[in-house]
1. Hey, can you tell me all the residues within the range 80-133 that are at positive phi and surrounded by 13 or more Cβ atoms within 10 Å (Cβ to Cβ)?
2. Exactly one of (1) at pLDDT 85 or above; (2) closer than 22 Å to residue 137 by Cβ is unmet by residue 105. Its number?
3. Could you tell me how many of the residues in the range 32-83 are more than 30 Å from residue 96 (Cβ to Cβ), without any contact (Cβ under 8 Å) to a residue 12 or more places away in the chain and touching a helix residue (DSSP H, G or I) at 6+ places or on another chain (Cβ under 7 Å)?
4. Just checking, does the range 162-173 include any residue being part of a helix (DSSP H, G or I) and touching a helix residue (DSSP H, G or I) at 6+ places or on another chain (Cβ under 8 Å)?
5. Name the helices (runs of 4 or more DSSP H) wholly within the range 1-90 that hold at least 1 residues that are at pLDDT 75 or above and over 24 Å from the mean Cα position of the chain (by Cα)?
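The values are calculated or read from the model by the stated rules, or taken from the named source; none is laboratory data. Keep in mind that this is a model prediction, so the values were computed, not measured. Note that we place each Cβ from the backbone using ideal geometry, even for glycine, and neighbour counts take in every protein chain shown.
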């Protein structure tokens, strides 16, 4: 199973590499040997990556059998991931907070816009985890989707990050 992607990558690379092999052989045979060596090293590296990925054990479910059984009962109710209000089956948005909750919202072109807007609102207004990957993702995706308006979003985004950082640094005092 893990060999199929490696073979597919190798096939694509070999097609690209052999397209002009006759021209390459007449130009510089030493370069051709170097390219073959690099191709072999790249293949070995990719093969090891896929073998290692196949050896990683699957992580167990975060819940036990009892919770799994409870989730699949007919009485189980779907809830909004933001406000935990019960959601009627087949609805696209939460009636309480307006959050996109439909099962196919991210796949439907028109409804997808609302899901993206919710993500951007969370970056500009709500609490979010702060690590380099999330911050870079917000910056790059906003640059792609907002184009010339991205700097405006970045101001709101960094203001939200600063507000979160200040709220963590200020110790809460309880009067009692």
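1. Scanning the range 80-133 gives a single hit, 98.
2. Answer for residue 105: the failing condition is (1).
3. Total satisfying the criteria: 1.
4. Scanning the range 162-173, I find no residue that is part of a helix (DSSP H, G or I) and touching a helix residue (DSSP H, G or I) at 6+ places or on another chain (Cβ under 8 Å), so the answer is no.
5. Correct list: 29-55, 65-71.
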